[in-house]
Amino acid sequence: MIELIDVSWKYAARVILDIPRLSFEPGKRYALIGVNGSGKTTLLRLLAGSLLPDTGEIRNVPRAEMGYMPQSPYAFGFSVLKNIEIALAGCPDAEKLANKALKAVGMNALAHSRGNRLSGGETQRMAFARMIARPRKLLLLDEPTSSTDIRGTDQIEKTLLRYTADTGCTVILSTHSPAQALRLAEVIIYLDEGKVIEIAPAEALLNHPRHERTRLFLQHWKI
């Protein structure tokens, strides 16, 4: 079980994240929701290890078997296929697995295009294919469909659900869309001003929020 204990992170004098205790069970899918600046990206970066907490500790993150996809994923100048094969170094079936991942997100026709010439949505789909090209124990996905169109979003969502069913992977993703959180997550965590305000099963939190701040956030969305 991944655990955060008395974790905080500051930027200048501002507290960006302050979490006394939070845990993630293996094999479950979690969605982080909240307004911009609520701490979603910071929490994911702390879990990924690209940030270190100012206080507290983070336990049991399987970083050797983890995939982290930031909001603006990087695309190398070589082919889309080679961009995927980066995640498969040392694997004898790298090309076959990379092609399979690209097909899963509807990008096999672009396998030989240059990765850094893709649109924003295509870059996100390519980066997601890189995440699911091999089995992992943990996926950290920061707004993984923020630039994709409806078809691209649908492809990523369906592929993610198949991947987690096949691998038993733990997923922690951030999204601005409560509707997407409901489609993808078993548990939703609502963050506000760097604090965990509410955590509950997805349908319970969205349909019957307990905290007034959660209700105020959700009233702007139609689920």
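Bear in mind these aren't lab numbers, they're just calculated from the coordinates by the rules spelled out. None of these values were measured; they are calculated from a predicted model. So basically every Cβ, Gly included, is an ideal-geometry build from the backbone, and we count neighbours across all protein chains shown.
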Would you call Ala104 buried (at least 18 other Cβ atoms within 10 Å of the Cβ) and without any contact (Cβ under 8 Å) to a residue 60 or more places away in the chain?
yes
Going by what's in this entry, would Pro53 be described as in a loop (DSSP other than H, G, I, E, B) and under 26 Å from Leu161 (Cβ atoms)?
no
Out of all the residues in segment 14-34, which are surrounded by 14 or more Cβ atoms within 10 Å (Cβ to Cβ) and either in contact with a helix residue (DSSP H, G or I) (Cβ under 9 Å, 6 or more places away or on another chain) or closer than 22 Å to Ala204 by Cβ (or both)?
Ile16, Leu17, Ile19, Leu22, Phe24, Lys28, Arg29, Tyr30, Ala31, Leu32, Ile33, Gly34
Across segment 57-99, which residue is nearest to the chain's Cα centre (by Cα) among those that are surrounded by fewer than 17 Cβ atoms within 10 Å (Cβ to Cβ), in contact (Cβ under 8 Å) with a residue 40 or more places away in the chain and in a strand (DSSP E or B)?
Arg59
Regarding Tyr11, is this residue surrounded by fewer than 18 Cβ atoms within 10 Å (Cβ to Cβ) and among the hydroxyl-bearing types (Ser, Thr, Tyr)?
yes
